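The values are calculated or read from the model by the stated rules, or taken from the named source; none is laboratory data. None of the values given here were measured: they were computed from a predicted structure. Cβ placement follows ideal geometry from the backbone for every residue including glycine, while neighbour counts extend to all protein chains displayed. Each accessible area value is taken on the protein alone, full model and side chains, heavy atoms only, with ligands, DNA and RNA left out. Shrake-Rupley method; radii C 1.70, N 1.55, O 1.52, S 1.80 Å.
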Amino acid sequence: MKTIGYAAQAADTPLAPFAFERRALRPNDVAIEILYCGVCHTDIHMARNDWGWSIYPIVPGHEIIGRVIEVGSEVTRFKPSDAVAVGCMVDSCQHCDQCRKGEEQLCREGMTLTYAGRDRITQDITYGGYSKHVVVRQEFVLSVPDGLDLARAAPLLCAGITTYSPLRTWGVGPGSRVGVIGLGGLGHMAVKLASGLGAHVTVMSRTSDKEADALALGADRLLVSTDKDAMAKAESSFDLMIDTVPVRHDITPYMPLLDIDGTLVIVGHLGTLDEPSTAPLLLGRRRVAGSPIGGIAQTQELLDFCARKNILPDCDAAEQTKKVGLKGADDTAKQARLAG
Ligand SMILES: [Zn+2]
Ligand SMILES: [Zn+2]
């Protein structure tokens, strides 16, 4: 299938229109017309090869919302016109222990990334959602439940599942005390989801500038991390902290805020941190952890949860599209404008 998208041809060239082919449908494939695609910070890192594993040309985009236009002969779960979604991965080995328990993102053989990955059969480069169409095996296609706004749902596929997964892994529910460090794309989703799960949510930020935003998103309060007295008062008062800061930083000031056996989960930064003190770790049996997206079943659970609770990312796609007068799927990549 001929299609078009936006690609970077090298780390130092901007995105530009790119015509390419999507594969002919295999028996378990779903062909999707892409309606919306979120712009994730990872897209920028990958287009610029910040992590050293990009392959070119690169068509970014792994927060995809679309409609099924055709299905392969063995597809049972989808039919044309279904509203569907695709996230950060499009394949995995499907037989290792992790895949079998629905943790495809932890596949022992490595998940196949939605873009800048290699197709497991042909070794062709995978191309992402800044394009008009995508073809994905049905095991990696998600159903968009009725009632979820298609124009706003896309960031759930990456920012949403990245923050939802640790909340579920660490058993957050009514009464849990959750801290969210940083209030950007990931942080605002962490607040909405933790609050939706019934937790008491505190946003931690360097100034009080974002207090009104934090409260409007569902947080119970904002803690200014540069206020030493306030930080001292908050000692041992969190079960879980979601650290969404996207750059190198110092986690030491946050560690004493965890209660005994509490966990700080890093979801926003891939790379080195400032050297942390181990004292609060040892003395409070506290933990530092990391977490990457989530499995397919859990991503579906997230979409269903968000539809039920009417939780959506703050996103200006619809307004932007109207404002700049874009129309038609040819401009899909331009439509993909996400706040934060
Ligand atoms: Zn992403
Ligand atoms: Zn596997």
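Tell me which strands (runs of 3 or more DSSP E) are completely within the range 210-292 and hold 1 or more residues being surrounded by fewer than 19 Cβ atoms within 10 Å (Cβ to Cβ) and among the basic types (K, R), or say none if there are none. Quick ask: steps written out before the conclusion?
Numbers: elements: 221-224, 238-243, 258-266, 287-290.
So the answer is 221-224, 287-290.
Answer yes if at least one residue in the range 176-185 is crowded, with 24+ Cβ neighbours inside 10 Å, touching a helix residue (DSSP H, G or I) at 6+ places or on another chain (Cβ under 8 Å) and modelled with pLDDT under 95, and no otherwise. Before you say what the answer is, go through the steps one by one.
First pass over the range 176-185, keeping only residues crowded, with 24+ Cβ neighbours inside 10 Å: 178-182, 185.
Now drop any that are not touching a helix residue (DSSP H, G or I) at 6+ places or on another chain (Cβ under 8 Å), which leaves 178-181, 185.
Among the residues that remain, those that are also modelled with pLDDT under 95 are: 185.
The answer is yes; a qualifying residue exists.
Considering the range 122-158 alone, what residues qualify as being touching a residue at least 60 places away in the same chain (Cβ under 8 Å), open to solvent by 20 Å² or more (accessible area, probe 1.4 Å) and part of a loop (DSSP other than H, G, I, E, B)?
Scanning the range 122-158 gives T122, D124, Y127, K132, P145, D146, G147, D149.
How many of the residues in the range 87-125 are among the acidic types (D, E) and more than 10 Å from ligand 2 (Cβ to nearest atom)? Lay out the reasoning, then the answer.
As a first pass, look at the range 87-125 and keep what is among the acidic types (D, E): 91, 97, 103-104, 109, 119, 124.
Those left that are additionally more than 10 Å from ligand 2 (Cβ to nearest atom): 119, 124.
Here the count works out to 2.
Being part of a loop (DSSP other than H, G, I, E, B) and either more than 21 Å from the chain's Cα centre (by Cα) or under 28 Å from C315 (Cα atoms) (or both) narrows it down to one residue among A31, A7, A11, A19; which is it? Break it down into steps so the answer makes sense when it comes.
Details: A31 fails: part of a loop (DSSP other than H, G, I, E, B); A7 fails: part of a loop (DSSP other than H, G, I, E, B); A19 fails: part of a loop (DSSP other than H, G, I, E, B).
Checking each option against the conditions leaves just A11.
Go through the residues of the range 163-171 one by one and say whether even a single one is over 19 Å from I266 (Cα atoms), outside any loop (DSSP other than H, G, I, E, B) and in contact with a strand residue (DSSP E or B) (Cβ under 7 Å, 6 or more places away or on another chain).
Our first condition is that a residue be over 19 Å from I266 (Cα atoms); within the range 163-171, this holds for none.
No - not one qualifying residue is present in the range 163-171.
Residue pairs, Cβ under 6 Å, 6 or more apart or interchain, first in the range 98-119 and within 15 Å of F140 (Cβ to Cβ) and polar (S, T, N, Q), second open to solvent by 50 Å² or more (accessible area, probe 1.4 Å) and away from ligand 2 (no atom under 11 Å from the Cβ). List them.
Hits for this filter: Q105/P292.
Which of the residues that make up the range 60-109 are open to solvent by less than 30 Å² (accessible area, probe 1.4 Å), away from ligand 1 (no atom under 16 Å from the Cβ) and among the small types (G, A, S)?
If the condition is that a residue be open to solvent by less than 30 Å² (accessible area, probe 1.4 Å), away from ligand 1 (no atom under 16 Å from the Cβ) and among the small types (G, A, S), then G66, G72, A83, S92, G102 are the ones that fit.
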